[in-house]
Amino acid sequence: AEALVRWNHPERGLIPPNLFIPLFERNGQISSLDKYVWKKTSESVRGWIDKYGKSVPVSVNISRVDVYEPLLPEVLEKIITDSGVTSKNIYLEITESAYTRDPEQLIDIVKKLKEKGFTIEMDDFGSGYSSLNMLNRLPIDVLKLDLKFLENSKITMEDPGLMTYIMGIA
């Protein structure tokens, strides 16, 4: 499962994130939104465990701002602990574009998140910043390919080409 944030505007209806996330990034509120989503997701997972006795891991996005926050591992650990879930219940999605700012710092933070037991997913791979070096250095668990990457690659079952090569790197 994946937690997706939407803005339900009283007059305009549902507004997709690509229209309001940039506003949050510009006005400095993206961290507040991230924390809200992480908290609500953790609470929902806890509710499912209480009600059904089972849980499904839920992927949550980490903004390009928060992925470079040195205290991110501790912040996430506190949120899940306060909600009564574990790092196995919450998967963390980092967009491929986050790698371009400061690769060494990103690698360090991702390693710390993995030490705390989080599953790390790279979202939107192939959306324009793809680097085989990045795949080799970042300790990710799941690679989520951008749909445009797949469409442009003309991948078929008869000739998987580049896709087979990428999968072989792991």
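Quick notes
- Close pairs (7 angstrom Cβ cut-off, 6 or more residues apart or separate chains): within 14 Å of ILE140 (Cβ to Cβ) in the range 78-97, open to solvent by 60 Å² or more (accessible area, probe 1.4 Å) and basic (Lys, Arg) anywhere: THR95/ARG64
- Consider the range 74-123 and keep the residues that are crowded, with 19+ Cβ neighbours inside 10 Å and hydroxyl-bearing (Ser, Thr, Tyr). The one that is farthest from SER55 (Cα to Cα) is TYR99.
- Unmet criterion (only one of (1) more than 27 Å from GLY47 (Cβ to Cβ); (2) under 11 Å from the mean Cα position of the chain (by Cα)) for GLU93: (1)
- Residue list for the range 46-73, restricted to those being open to solvent by 20 Å² or more (accessible area, probe 1.4 Å) and among the hydrophobic types (A, V, I, L, M, F, W, C): TRP48, ILE49, VAL56, VAL65, LEU71
- Number of residues in the range 1-34 that are open to solvent by less than 50 Å² (accessible area, probe 1.4 Å) and assigned to a helix (DSSP H, G or I) equals 8.
- Residue within the range 35-44 that is assigned to a loop (DSSP other than H, G, I, E, B) and surrounded by fewer than 19 Cβ atoms within 10 Å (Cβ to Cβ) present: no
- Test: residue in the range 63-76 that is within 21 Å of SER31 (Cβ to Cβ), of a type in the set (A, V, I, L, M, F, W, C) and at pLDDT below 95: yes
The values are calculated or read from the model by the stated rules, or taken from the named source; none is laboratory data. Remember, predicted model here, so these are calculated numbers, not experimental data. Note that we place each Cβ from the backbone using ideal geometry, even for glycine, and neighbour counts take in every protein chain shown. Areas reflect the complete protein model, heavy atoms only, side chains present, ligands, DNA and RNA absent. Shrake-Rupley method; radii C 1.70, N 1.55, O 1.52, S 1.80 Å.
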